[in-house]
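Visitor: The structure that follows is given in the form of structure tokens.
Computed from the coordinates by the stated procedures, all read-outs in this text should not be read as laboratory data. In this text the structure is predicted, and so the values were computed from the model without any measurement. Reconstructed Cβ throughout: ideal geometry from the backbone, glycine too, with neighbour counts over all protein chains shown.
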Amino acid sequence: MAPPFTKHPKASEDNGRRNFLRMLVGATGAAAALQVLDALEAAPEQVAESLSQTVANIPQSVTDAGPNADVLIRMQADLARALKKQPGERRWVMVIDLRKCVGCHACTIACVAENKLPPGVVYRPVLEEEIGAYPNVARRFIPRPCMQCERPPCVPVCPVNATYTNEEGIVEVNYNQCIGCRACLTACPYGARTSDFGYTYAEETPSADGLIFGRDRAEAYERAASYEYGQPWSRPPGKHLSPMGNARKCHFCQHRLKQGMLPQCVTTCIGRATLFGDANDPDSVVAQLIKLPNVMRLKEELGTQPRVYYIV
Amino acid sequence: MLKKTLYALGAVAVLLGLYGFYSRLFIGERDVNYGSYVTWGLWVAMYLFFAGIATGAFMLATLDYLFNIRLFKGTGRYALWVALVTMPAALITIAFDLGHMERVWKVYLNPNFGAPMAQLVWGYTLFVLVIVVALILAMRRLDGLAMKLAMGIGLFMAIFLSGGVGALLGVNASRPGWHNGMLPAQFPIFSLTSGVAVMMIVIGWFTPESAIRSQRLRMLSIAMVVLILVKAYYLWTDFSLAIYSGVPDAVEGVNLILFGPYAWAFWGLQLLLGMLIPLFALLVPRVSRNAFLVGLIGVCVLIGFAVARSNIIFPALAIPELKGLIDAFHGPHLNFNYAPSLMEWSVTVGVVGLSTLAFLVGTDLVPLLKQTSEVTR
């Protein structure tokens with residue numbers, strides 16, 4: 001029976017192949033994630049301390065990066081400068097150079113790994129658009145994180161004040177306050193929020209002693225705490241604890257920013273297409289880019305004033 | 001015989017609902033088909049449906065207790081009872097839709113009164129209290145100022161709570177199918193129509209035969225004809241505005257309703273069964289005086305309304321906010337194609353059964369509703 005209200009035909013065989021490849025990428029990401037499991041088994045305090053030391057150990061040559069340095073080094077320097085300011089004086093923005101995006105989905109997978117996102121939850125999908133007809137065909141890739149709108153439609157509809165804009169301009173979700181009504185998902189014009197229905201990738205996979213290795217460790221990794229918003233959020237089996245049942249969204253990797261690290265999608269981008277920094281700092285990479293005439297924001301006509309800019 | 005049949009149907013419906021209740025309460029939301037893209041599904045549509053009946057029934061109760069319309073003297077208690085049993089049905093379906101229903105108390109202790117949902121939760125709570133107070137006053141035959149006050153406040157709340165549901169949807173500027181000022185204005189009329197339909201069933205099937213019953217049914221039938229015409233006009237304005245505006249998302253939403261895979265539900269159930277058949281049948285005096293047929297037409301109108309509520313919710317959410325979102329990432333509950341799951345149907349059928357049984361038990365056990373003399377006087 002055909003599903004109701006369908007707008008698009010079912011996925012073609014091409015889509016099936018593409019999905020298979022995506023699953024393969026996901027599986028590779030999971031394998032890599034297993035390698036960091038041991039590191040994460042350390043106490044959170046130790047991890048935080050280690051990260052702080054990492055930031056403190058950034059060489060002077062990096063923090064003094066000049067205009068000709070690699071853009072990642074420059075952004076790291078921008079970040080170090082921004083973190084010295086009061087939170088309210090910073091204005092985090094993301095700039096995505098669509099001319100450089102090759103549609104590798106590395107940012108999507110890195111985000112999933114960083115935030116330990118379960119099946120069905122995604123913060124930064126890459127939209128693919130095919131333009132023209134064969135043989136004059138082109139493809140365009142549009143990474144879509146949360147827009148961190150200055151006037152976010154998702155905030156006023158929340159019945160319990162569980163979502164709000166923090167002093168740095170990032171729209172946060174208080175997981176322990178959220179009742180899971182999905183009003184914010186409905187209100188978001190960008191489809192940037194997803195609901196956590198409590199799955200893990202490993203739970204539906206087969207188990208066979210001596211034949212399949214790593215399944216239990218993979219599930220343990222998925223259920224171990226993630227550190228969104230600087231707090232541990234674990235997913236113990238049989239319990240319905242937040243963020244399960246909650247609305248979830250991109251938060252510009254706040255937990256990384258506080259440790260002096262750029263968002264995961266920025267550091268993972270193979271084409272330096274995703275850029276990040278403090279727009280209030282006139283010397284920052286992003287402040288210089290958002291002045292360009294070929295910059296646009298999604299659905300500007302709605303007046304939501306996104307903090308994510310696209311270079312086209 | 002009719003009552004026994006309804007008891008049996010209600011009991012079967014509750015049995016069918018046990019699976020859904022168990023699944024939702026002890027397993028969770030995994031077996032639902034709504035999700036992160038079609039964020040609200042059948043349960044939200046049913047919440048609209050039941051809340052519409054409750055507020056509409058209350059509006060009809062004011063004919064008796066507030067406006068003292070002689071023709072409807074004695075029917076108000078039935079209308080109040082309908083409101084009392086359908087309001088919890090609405091709240092159960094919407095509570096089941098929450099990812100953390102155990103936290104619903106937060107809406108009371110830390111509400112954001114700027115959000116329509118918080119306003120509605122508080123409003124429904126007060127509305128149920130008003131219904132209970134009105135029923136107690138009716139039981140004690142206190143038809144004086146206290147009753148008038150309760151019914152006046154209740155009527156005001158019934159209108160605003162109906163409109164509030166329209167606002168809950170209409171404030172979403174990202175959904176062109178919802179975002180128009182007409183929605184909050186239309187919903188009180190939809191509620192009134194639901195109330196007239198349910199009273200056609202109650203008076204037609206549960207009150208003794210008498211001359212006054214025929215008059216009441218005739219009056220309700222005329223009201224229903226007018227309301228169906230108004231509803232048809234609203235349907236025309238909604239669809240024509242969307243189509244003539246040319247806004248792609250709005251046009252696609254209407255196209256999904258009219259020509260999508262479930263267009264048969266619109267043409268067959270919402271339009272034909274819920275509007276056209278009742279409209280033409282009720283214009284025939286012989287039909288509008290036949291109590292059983294009038295009740296049956298009331299059922300048809302309510303079925304049409306259930307489909308209409310679904311057609312307000314699902315198609316507007318089935319349009320991707322951004323082109324390409326549909327294929328950008330795959331996973332459970334990331335789908336723009338929505339059909340209610342078996343578990344969602346089970347809960348819905350169970351809730352319909354519960355409210356039906358609650359109504360029937362009330363007519364048999366609640367002293368106020370057992371007294372028929374006043375109704376037939």
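Visitor: So what's the angle, to the nearest 10 degrees on a 0 to 90 scale, between helix B:42-65 and the longest Cα principal axis of chain B?
Guide: The angle comes out at about 30 degrees.
Visitor: Give the long-range amide H neighbours of A:L127: residues separated by 5 or more places, or on another chain, with amide H under 5 Å away, using H modelled in the peptide plane at 1.01 Å from N.
Guide: Answer set, sorted by chain and number: A:I142, A:R144.
Visitor: Going Cα to Cα from A:K299, which lysines come in below 25 Å? Please leave out same-chain ones fewer than 8 positions away.
Guide: Within the straight-line cut-off, A:K299 pairs with A:K7, A:K100, A:K249, A:K291, B:K323.
Visitor: In peptide B:38-50, what is the residue-averaged number of other protein chain Cβ atoms found within 10 Å of each Cβ?
Guide: The shielding value for this peptide is 2.
Visitor: Quick one: which of B:337-343, A:231-237 comes out on top by average Cβ neighbours within 10 Å, and what's the full order, highest first?
Guide: Ranked from most to least packed, the peptides come out as B:337-343, A:231-237.
Visitor: Where does each of B:291-300, B:111-120 land if you order them by average Cβ count within 10 Å, highest first?
Guide: Details: B:291-300: 21.0, B:111-120: 19.3.
Per-residue Cβ counts within 10 Å, averaged per peptide and sorted highest first, yield B:291-300, B:111-120.
Visitor: Rank the residues A:I290, A:I131, B:I222 as a footprinting-exposure proxy: fewest other Cβ atoms within 10 Å of their Cβ go first.
Guide: Fewest to most other Cβ atoms nearby, the residues stand as A:I131, B:I222, A:I290.
Visitor: Counting each DSSP H run of 4 or more residues in the protein assembly as shown as -39500 (n - 2.57), what helix-only mean residue ellipticity at 222 nm follows after dividing by all residues, to the nearest 500 deg cm²/dmol?
Guide: -17000 deg cm²/dmol
Visitor: At 0.36 nm per residue, and after removing the present C-alpha to C-alpha distance, how many nm does the segment from B:V366 to B:L258 gain when stretched out fully?
Guide: Details: separation 108, 0.36 × 108 = 38.88 nm, distance 4.48 nm.
Stretched out fully, the B:V366 to B:L258 stretch lengthens by 34.4 nm.
Visitor: If you line up the long axis of helix B:248-259 against the longest principal axis of chain B, both from Cα atoms, how many degrees apart are they, to the nearest 10?
Guide: The answer is roughly 60 degrees.
Visitor: For A:Y164, B:Y65, B:Y37, what ranking results if the residue with the fewest other Cβ atoms within 10 Å of its Cβ goes first? Working shown, then result.
Guide: Details: A:Y164 16, B:Y65 27, B:Y37 22.
Lowest count first: A:Y164, B:Y37, B:Y65.
Visitor: Something else: Relative contact order for chain B: what is it in percent, counting Cα pairs under 8 Å that are at least 6 residues apart? Provide the component values of the computation, followed by the final result.
Guide: Working: 554 pairs, mean separation 124.0, N = 377.
That works out to 33 percent.
Visitor: With a cut-off of 15 Å, note down the residues of segment A:230-254 whose backbone N falls inside the zone around a label point 7 Å from the Cα of A:E203 toward its beta carbon.
Guide: Those under the cut-off are A:234-246.
Visitor: Magnitude of the Cβ-charge dipole of chain B, K/R +1 and D/E -1, about the Cα centre, nearest 20 debye?
Guide: Value, rounded to 20: 1380 debye.
Visitor: If amide hydrogens are placed 1.01 Å from N in the peptide plane, which non-local residues have theirs closer than 5 Å to the one on A:S226?
Guide: Amide H neighbours of A:S226: A:W233, A:S234.
Visitor: Taking the Cα centre of the protein assembly as shown as the origin, how large is its charge dipole in debye, to the nearest 20, when only Lys and Arg (+1) and Asp and Glu (-1) carry charge on their Cβ atoms?
Guide: 2160 debye
Visitor: Let me ask something additional. B:K4: which lysines have alpha carbons under 22 Å from its alpha carbon, excluding same-chain residues fewer than 8 sequence positions away?
Guide: Result set, ordered by chain and number: B:K370.
Visitor: Now for a separate question. Over the protein assembly as shown, one equal point on each Cα, no solvent: what is log10 I(q)/I(0) by the Debye formula at q = 0.09 Å⁻¹?
Guide: With one equal scatterer per Cα and no solvent, log10 I(q)/I(0) is -0.82.
Visitor: Taking the Cα atoms only, what angle lies between the long axis of helix B:145-170 and the longest principal axis of chain B, rounded to 10 degrees?
Guide: Roughly 20 degrees, rounded to the nearest 10.
Visitor: Ok, one more. Just flag the GluC sites (Glu not before Pro) in segment A:142-179 sitting in loop per DSSP whose Cβ has no more than 14 other Cβ atoms within 10 Å.
Guide: The qualifying sites are A:E150, A:E167.
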